[in-house]
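Asks: My questions will all concern the structure given below.
The values are calculated or read from the model by the stated rules, or taken from the named source; none is laboratory data. On a predicted model such as this, the values are computed, not experimentally measured, just so you know. Backbone-built Cβ (ideal geometry, glycine too); neighbour counts: all protein chains shown. Each accessible area value is taken on the protein alone, full model and side chains, heavy atoms only, with ligands, DNA and RNA left out. Shrake-Rupley method; radii C 1.70, N 1.55, O 1.52, S 1.80 Å.
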Amino acid sequence: MRRRITPYLFILPAGAVIFFFLLYPLVYSFFISLHEWDLSPGMTFVGLGNYAKILSSPEFWDSMLYTAYYIVGVLPFSLVLGFLFASLLNDATLKGIGFFRTVYFLPVVTSPIAAGMGFSFLFSTELGYVNHLIRSMGGEYVNWLTNPEGIVQILFNWTGIQLPKILQGPSVALFVIILMGIWQNVGYAMVVYLAGMQGIPETYYEAASLSGATRFQCLRKITIPLLSPTTFFLLIMFSINSFQVFGPVMVMTPEGGPLNTTSVVVFRLYREAFAYYRFGYAAAMAFVLFIFVISMTAFQVKTLERRVHYE
């Protein structure tokens with residue numbers, strides 16, 4: 001009996017932590033999502049009513065659209081710029097290589113709140129350095145954080161064409177938040193790509209050079225295919241993290257931006273719970289978001305993993 005019980009005693013502390021801080025809150029959140037609750041003593045059972053309201057809510061789908069804008073804006077540029085910087089910093093003989101790697105990685109360890117405050121100052125209409133730079137070049141001040149018009153629509157304004165809402169692109173305010181997301185992700189992508197590049201045997205490049213391959217051909221035929229596991233990992237991680245963006249939105253546009261155009265799904269969830277006290281609705285929204293993230297990740301694994309070269 002003692003032999004049988006002893007192993008369970010060793011895993012009991014970890015099991016208790018998982019139960020009280022993961023499983024119990026998860027189950028209780030689902031329980032709340034089936035009720036209407038505003039922190040009053042009683043809950044009203046509504047079943048799947050909250051889920052039905054969410055799926056028929058235009059505001060929820062607007063927040064999903066703004067989240068999609070953020071993902072589409074942040075994801076490709078983070079990967080491409082991270083790969084570019086990793087390629088430039090892969091030369092160990094470069095003077096000051098450690099300094100440059102540290103500088104590029106600093107945004108990753110910078111608090112999103114502090115970074116958001118910095119970007120708010122940079123893109124301030126009256127005091128921001130960006131507008132002062134534009135003005136010094138003969139341009140006019142831009143209302144970066146208060147302009148609800150879509151970036152793509154602005155480019156089409158001279159033609160007189162009014163695009164459908166889904167094609168108008170992120171608002172100018174959301175565009176600034178996207179820039180900050182890219183700034184914070186590039187350093188992480190650079191470090192991961194750099195580790196992947198240093199794991200590629202040098203003999204592959206030597207054999208390719210003996211065969212007359214150019215540097216671009218080595219990049220296309222050796223580096224990029226052998227870094228496909230790294231790219232796949234970063235794609236999954238950045239996609240999940242982009243769905244959860246909250247801090248920059250809260251700091252730079254605390255009311256959801258102009259016409260709520262920066263109200264991404266997690267920010268709307270926060271507002272539903274702690275501004276409108278609709279905790280059951282917010283809990284249901286969290287589970288809907290969870291289903292979206294799981295579905296997107298499964299789709300990426302299903303469609304992209306077969307293109308990954310692990311050897």
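Asks: For the range 57-66, indicate whether the set of residues that are within 27 Å of residue 259 (Cβ to Cβ), touching a helix residue (DSSP H, G or I) at 6+ places or on another chain (Cβ under 6 Å), open to solvent by 40 Å² or more (accessible area, probe 1.4 Å) and in contact (Cβ under 8 Å) with a residue 60 or more places away in the chain is non-empty.
Replies: no
Asks: Would you confirm, using the coordinates I've provided, whether residue 277 is within 16 Å of residue 34 (Cα to Cα) and either out of contact with any strand residue (DSSP E or B) (no Cβ under 9 Å at 6 or more places or on another chain) or not in a helix (DSSP H, G or I) (or both)?
Replies: yes
Asks: A further question on this structure: Scan 160, 128, 96, 138 and give me the residue that is open to solvent by less than 30 Å² (accessible area, probe 1.4 Å), more than 18 Å from the chain's Cα centre (by Cα) and farther than 18 Å from residue 262 by Cα. Break it down into steps so the answer makes sense when it comes.
Replies: Numbers: 160 fails: open to solvent by less than 30 Å² (accessible area, probe 1.4 Å); 96 fails: open to solvent by less than 30 Å² (accessible area, probe 1.4 Å); 138 fails: open to solvent by less than 30 Å² (accessible area, probe 1.4 Å).
Result of the check over 160, 128, 96, 138: 128.
Asks: Right, next: Just one of 169, 150 is open to solvent by less than 30 Å² (accessible area, probe 1.4 Å), over 30 Å from residue 230 (Cα atoms) and in contact with a strand residue (DSSP E or B) (Cβ under 8 Å, 6 or more places away or on another chain); which is it?
Replies: 150
Asks: Exactly one of (1) out of contact with any Pro (no Cβ under 9 Å at 6 or more places or on another chain); (2) part of a helix (DSSP H, G or I) is unmet by residue 72. Its number?
Replies: With (1) out of contact with any Pro (no Cβ under 9 Å at 6 or more places or on another chain); (2) part of a helix (DSSP H, G or I) applied to residue 72, the lone miss is (1).
Asks: For the range 28-64, name all the residues that are in contact with a Lys or Arg (Cβ under 8 Å, 6 or more places away or on another chain) and either under 22 Å from residue 241 (Cα atoms) or of a type in the set (Ser, Thr, Tyr) (or both).
Replies: The answer is 59, 60, 63.
Asks: I would also like to ask the following. It is to be established whether one or more residues within the range 38-53 are touching a Gly at 6+ places or on another chain (Cβ under 6 Å) and open to solvent by less than 80 Å² (accessible area, probe 1.4 Å). Full working, then the answer.
Replies: The initial filter retains those residues of the range 38-53 that are touching a Gly at 6+ places or on another chain (Cβ under 6 Å), namely 50.
From what's left, open to solvent by less than 80 Å² (accessible area, probe 1.4 Å): 50.
Yes: one or more hits.
Asks: For residue 242, are the conditions met, namely being under 28 Å from residue 151 (Cα atoms), open to solvent by less than 40 Å² (accessible area, probe 1.4 Å), touching a residue at least 24 places away in the same chain (Cβ under 8 Å) and not in a helix (DSSP H, G or I)? Can you show your working first?
Replies: Values: under 28 Å from residue 151 (Cα atoms): yes; open to solvent by less than 40 Å² (accessible area, probe 1.4 Å): yes; touching a residue at least 24 places away in the same chain (Cβ under 8 Å): yes; not in a helix (DSSP H, G or I): no.
Against the criterion (under 28 Å from residue 151 (Cα atoms), open to solvent by less than 40 Å² (accessible area, probe 1.4 Å), touching a residue at least 24 places away in the same chain (Cβ under 8 Å) and not in a helix (DSSP H, G or I)), residue 242 does not qualify.
Asks: Okay, moving on. Restricting attention to the range 114-128, and to residues there that are of a type outside the set (Gly, Ala, Ser) and at pLDDT below 90, which single residue is nearest to residue 69 (Cα to Cα)?
Replies: Step by step, filter the range 114-128, then rank; the result is 125.
Asks: Pick from 84, 106: which is open to solvent by 80 Å² or more (accessible area, probe 1.4 Å), free of Cβ contacts under 8 Å to residues at least 60 places away in the same chain and under 23 Å from the mean Cα position of the chain (by Cα)?
Replies: Of 84, 106, the one residue that is open to solvent by 80 Å² or more (accessible area, probe 1.4 Å), free of Cβ contacts under 8 Å to residues at least 60 places away in the same chain and under 23 Å from the mean Cα position of the chain (by Cα) is 84.
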